[in-house]
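Undergrad: One structure, as structure tokens, below. Some questions next.
The values are calculated or read from the model by the stated rules, or taken from the named source; none is laboratory data. Small disclaimer: the values here were computed from a predicted structure and weren't measured. Cβ coordinates were reconstructed from backbone atoms using ideal geometry, including for glycine residues, and neighbour counts include every protein chain displayed.
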Amino acid sequence: MIKKSITIGIMCISLVGFSQVQCEGMTKKSIQCKQITKSDSKLCHSHDPNYKKKEVYPTVICSETTKNNTPCKSRTKDISGKCHNHRD
């Protein structure tokens, strides 16, 4: 029973490795990059010329008011400026 569990565990770990590869980019010292990537281009974010960083919105205080007619104190990163309680 233990032998079967170990075998299944090893198989699962080996399957995870197929989706990740080492970056094929070269460093300034002409050494292969050591970062691991999942992209189809086989280049990490540092070497991929088409990589676009995700836009991060700043945290703001909700612009709506509560039932007591006081300003909401919840914070949000949503584009609308409304917290999860006040969004549709």
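Undergrad: Can you name every residue in the stretch 33-88 that is surrounded by 10 or more Cβ atoms within 10 Å (Cβ to Cβ), within 20 Å of the chain's Cα centre (by Cα) and acidic (Asp, Glu)?
TA: The answer is ASP48, ASP78.
Undergrad: Hey, among LYS3, LYS54, LYS38, which residue is modelled with pLDDT of 85 or more and among the basic types (Lys, Arg)?
TA: LYS38
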